[in-house]
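The values are calculated or read from the model by the stated rules, or taken from the named source; none is laboratory data. These numbers come from a predicted model, not from an experiment. Here Cβ is always computed from backbone atoms with ideal geometry, including for glycine, and neighbour counts include all displayed protein chains.
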C-alpha cells in the first residue's frame, strides 16, 4: 500500500490547512461565546460555509457524486487526511459540509433515494441548505444490536405511521435540521433475529406527532446541535417517504456506517495531534521541583508513547480506507471495527496524558482537553460499543483459525523428541 498523497490531495491539504489557520481557528472564541450564550452560531458558520463553498472545499467525503453536484469526489484514502485536518477544531467539519450525521445521510440518500426524494432532501443537503439527523438508537433497547429496536413503522393505506422513542440522536437541535431518517420495525411477524424486520423512513422534522423531548448532555456538556431524545406519536408520512425497500433498513444502516467511521477516526486522530502538541508545549514551559516537566522521564514516555500510538492508529485507518476503496465497504467490515475501537481508546489515552501534564487547568474550559476527553469516552459507545467491535475482530480471527485447523502442528515439538535430543 502506498499512502503517499497525490498532487491533488497535497494541494487540498495545503489549502484546507490555510483555511483552518486563517478563518476557522480565529473564529473559535466567537463560536464558543455564542454557544455559551445559548445560541447556535449560525451566522458565523454560514459565513464560513459560503467561503469554503467558493473555494471548492466542499463535500470532500463523497466519491460517487453525480455530474453537477458540488464536491471533490475523493476516495476514502484521499479524504482521510483532510478529515484529520478538520478534526483539529471539533466544530469545523460543518464549514465544509463534511459533518456527521449529514455525511452518512447523504451517502444513504445517494445510495437509495428515489428521484423525488433526492430533489426534496439530497440536493439541499449537498449544498448545505439544510441539516438532518439519523434516528436509530433507543432508550428502551440495547442498541448495540440494532435488531432490538422497538420503534414501529406501520403501513396504513398510502401512509406509514411511526410510533416510538429515540435518543442520543445527533443534530435535531440545529436550527436548520429539517429531516430525520428513522429506522424502525416494519414487519414484526419475522423472528427477532431476522435482518429483514426493519425499514427506513424519511420524516420531516415538522411532522405532527414528532417532538424533541430534550437535548441530552454528555458528561454535563450540552452539544449546541443536540444529542436529543425524540418522541414519535402517530407520526404519519406518505408511503413515498420509504427509503429503499421495506425490510432492508438493517442493510442500509450497515452500508451507512463504514465510511462514516473512517471520518470519525481521522477526526479523532486530528484531535489527538492537538492534544499531543499542547502536552509537549506545556511540558516545555511548566516547572516543578526545579525542572521543566519535559525533563522528567515519565513525561517523556507519555509524549513518545502518544506519538507512536497516533501514528499506528493513522496507518490502521488508512489501511481500512484503502480496503474500502479497493474491495467495497463490506470487505472492510473487520478493519472498520478495528479502527473504531483503536481510535476511541486512543483519544481518551492521549488526552488523559495531556490533562495530567496541564494539571488542574486540563479539567477546565481553558483548554479543549476536557471536551476532547469527554468526546473520546463517548466514542466508545457511538457507532457501536467497544465490546461489539472486539467481537467482530475476534470472530474473524477464530474463523481463520478454524479454516486453518491443524496447519500449525509443525510448530509443536512432542515431548518425546525433546527428551531424545
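Within segment 178-196, identify whether any single residue is in a helix (DSSP H, G or I) and more than 20 Å from the chain's Cα centre (by Cα), and answer yes or no.
No, segment 178-196 contains no residue that is in a helix (DSSP H, G or I) and more than 20 Å from the chain's Cα centre (by Cα).
Within segment 354-369, how many residues turn out to be closer than 16 Å to residue 285 by Cα and assigned to a helix (DSSP H, G or I)?
9
Here are some residues: 62, 126, 111, 44. Which one is over 17 Å from residue 270 (Cβ atoms) and surrounded by 22 or more Cβ atoms within 10 Å (Cβ to Cβ)?
126
With respect to the numbered conditions (1) surrounded by fewer than 21 Cβ atoms within 10 Å (Cβ to Cβ); (2) part of a helix (DSSP H, G or I); (3) in contact (Cβ under 8 Å) with a residue 40 or more places away in the chain, which one is the sole condition not fulfilled by residue 119?
Condition (3) is where residue 119 drops out.
Which numbered condition in (1) modelled with pLDDT under 95; (2) touching a helix residue (DSSP H, G or I) at 6+ places or on another chain (Cβ under 6 Å); (3) within 21 Å of residue 85 (Cα to Cα) is the only one that residue 316 fails?
(1)
Has segment 247-261 got at least one residue that is touching a helix residue (DSSP H, G or I) at 6+ places or on another chain (Cβ under 9 Å), at pLDDT 95 or above and crowded, with 19+ Cβ neighbours inside 10 Å?
no
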